[in-house]
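Report on one structure; see the data block that follows.
The values are calculated or read from the model by the stated rules, or taken from the named source; none is laboratory data. A quick note: this is a predicted structure, and the numbers were derived from the prediction, not measured. Positions of Cβ are backbone-derived with ideal geometry, glycine not excepted, and every protein chain shown enters the neighbour counts. What goes into the accessible areas is simple: the full protein's heavy atoms, side chains included, and nothing from ligands, DNA or RNA. Shrake-Rupley method; radii C 1.70, N 1.55, O 1.52, S 1.80 Å.
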Amino acid sequence: MSGTILENLSNRKLIGVLTTIFTIQLASFIIGAFITPAPSSPEQYIANQCVAENSSQFSVVRDESNGPINCKTPQPHEQGNITFVFQMPLPRSGISLDYSRWMQNMLTLIIPEVLYDTRISGDSPPGDQFINASVVLNVRLGVRNIGDKTWKEYYRKDNLKRTITCRIDGHKRKQGINYDCDLIQLFELQSLYYDFYLINLQFVSNEKSSNFGFLSNLWMVAIHQNGGFTKIWLALKLFFTFITLTTLWWYWNRLTQLGRDTNLLEKTLIMLGLGITQLNVPIEYLSLWFDIEFMSFLCDIRQGIFHCSLLIFWIIFIGEHLLDDVRRVGLASYNKQLFTILIAYISLFIFESTERGIQVVDPFYSIWEVNSNFAMICITITVLFAIGYFIFLSYHLWLAFRNISTKQQSLPSMPTARRLIYKGVIYRFKFLLIFTFVCATSTVVAYIMGQVSEDQWYWDDQRSFMSSLQWSSAMFTTVFALWNCYVITLLILYAPSHKGLDTDGDEMAVEFTRLTDNDRLGEPTARISYSTRSKRSLLEEIATKQNIG
């Protein structure tokens, strides 16, 4: 065989590949920006305050037949024995709404409404005033489906500790003015399986700071994934699952026809193909029929597997094409780089396990409330190793470009066959390297775009067109399609080519591992094996390949 498909690819076919990639990217952007709704939606709730007559039963403020249940209206300024009740979702225009299993997950945050009290804080010095108080809560989470008569207790958490952090500006310190309080995470559900949710929350104790005022009420923000986004997102994953799985099978079939063991780069490509395929498989469909309480945790692990395989591929891809004088033998030559990647992802996995992993059995758990120092250590280790990885990768990218420039300067003085071979290898490497750079840059830019408020994308008063775009959804769909196109292109272009077979069944095999200034045609780093063909016919065939460089 005469190398990979990319070595035998004409400019016309390469333009066709680029056009296909651009078309898929444009289609994914249009789907995300104009068709798909926002990935998530927040809903605000204000607590209904009740005095429970029976502490063992749920306090319900809206019941389809009986009205409020186990809920007496408290007296003004009453602080003890108050149950804060949240019933979700809220009805709209008199119509009772329910959650859909397409919404997948929900995160709830509470905001305390604390009023400034001059009787407590009047003697404090002038200026801004702060509250940093630890509170202990008893929380019960109830669930119910359409048709159920009673609420079922889904989870109960006693003695839940949270920290209330508030601030009020000095010029606002007047009786009855609200403090500006931070959001407090209450719980996170990784599967939104039920139609209705009920929260009963009670303050058990309050280690108040010296400036803690009057707690008048609680607000809650519930953030859930949009069902419309989930449907389109899973449809895209299903579509790319068939494509990547088919491409991976086709690539493996090509390798088996070589009659030799696969090399390191080919094994890494298979690993990368398996990584993107397992990420594509839409197992989220199972949550439509089963209450899979660990779904978000599982999705994070799958995404980490793909990113880890991608970083490993980049290291080996650049190392195998570095064009230097270093001999690299197998995976052992990349031990230091692989160790850096594994340490970073082990730290991320530990952090993820102590956050969402524990939330599988305790949805009220938050590592930031329990041990924020441990969380910061895990994140810091990951960031430091990530910085080291990208410094190392950038340095080797520079080395690769420098070595390529050196090789190109010596091309005119080489024999014809050797010059064409070198041009094919350099061309292949540059193409994939630029594609890799575009993928990484697009991911970073898209992530920044998703973090910026959509209002900042309006450059003038004509907001009608820009307001119709969903930038966050476009980021998800476009980047997801970009990584799939990247892996699929690698598998296709790096597959062994079937061109070059002669009529006698003999084949011309051009195999590259590493090219140095001391290469000769007879050396194993760039070898051409042929049997019945003459050197003249071989050179003619190589010279007739269309526009390799």
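Worth a mention:
- Selection of the stretch 68-109 for residues being under 30 Å from Cys299 (Cα atoms) and among the aromatic types (Phe, Trp, Tyr) yields Phe86, Tyr99, Trp102.
- Odd one out for Ser191 among (1) over 30 Å from Phe130 (Cβ atoms); (2) surrounded by fewer than 19 Cβ atoms within 10 Å (Cβ to Cβ); (3) touching a residue at least 12 places away in the same chain (Cβ under 8 Å): (2)
- Filtering the stretch 261-277 to residues that are open to solvent by 50 Å² or more (accessible area, probe 1.4 Å) and either in a helix (DSSP H, G or I) or within 18 Å of Thr246 (Cα to Cα) (or both) leaves Lys267, Met271, Leu274.
- The residues in the stretch 64-97 that are within 20 Å of Asn145 (Cβ to Cβ) and more than 40 Å from the chain's Cα centre (by Cα) can be counted, and the count is 4.
- Filter result for Ile146 (of a type in the set (A, V, I, L, M), open to solvent by 10 Å² or more (accessible area, probe 1.4 Å) and under 21 Å from Trp289 (Cα atoms)): yes
- Residues considered: Asp117, Asp128. Of these, the only one that is surrounded by 13 or more Cβ atoms within 10 Å (Cβ to Cβ) and charged (D, E, K, R) is Asp117.
- Verdict on Ser96 being surrounded by fewer than 19 Cβ atoms within 10 Å (Cβ to Cβ), touching a Gly at 6+ places or on another chain (Cβ under 8 Å) and under 30 Å from Gly228 (Cβ atoms): no
- Filter result for the condition that a residue is in contact with a Gly (Cβ under 6 Å, 6 or more places away or on another chain) and part of a strand (DSSP E or B), over Leu186, Leu198, Leu215: Leu198
- The lone criterion from (1) under 29 Å from Glu293 (Cα atoms); (2) open to solvent by less than 30 Å² (accessible area, probe 1.4 Å) left unmet by Ile404 is number (1).
- Helices (runs of 4 or more DSSP H) completely within the stretch 283-385 that count 2 or more residues being surrounded by 15 or more Cβ atoms within 10 Å (Cβ to Cβ) and of a type in the set (A, V, I, L, M): 295-320, 335-352
- Members of the stretch 110-164 that are at positive phi and modelled with pLDDT under 85: Gly127
- Top-ranked residue in the stretch 211-253 [being within 24 Å of Phe187 (Cα to Cα) and among the aliphatic types (A, V, I, L, M); ranked as modelled with the lowest pLDDT]: Leu215
- Taking the criterion of being open to solvent by less than 90 Å² (accessible area, probe 1.4 Å), in contact (Cβ under 8 Å) with a residue 40 or more places away in the chain and not in a helix (DSSP H, G or I), the only residue of the stretch 242-260 that qualifies is Leu258.
- Search result, residues across the stretch 211-240 that are more than 30 Å from Thr118 (Cα to Cα) and open to solvent by less than 20 Å² (accessible area, probe 1.4 Å): Ala222, His224, Gly227, Phe229, Thr230, Leu234, Lys237, Phe240
- Qualifying positions in the stretch 154-186 - within 30 Å of Phe297 (Cα to Cα), open to solvent by less than 70 Å² (accessible area, probe 1.4 Å) and in contact with a helix residue (DSSP H, G or I) (Cβ under 8 Å, 6 or more places away or on another chain): Arg162, Thr163, Gln185
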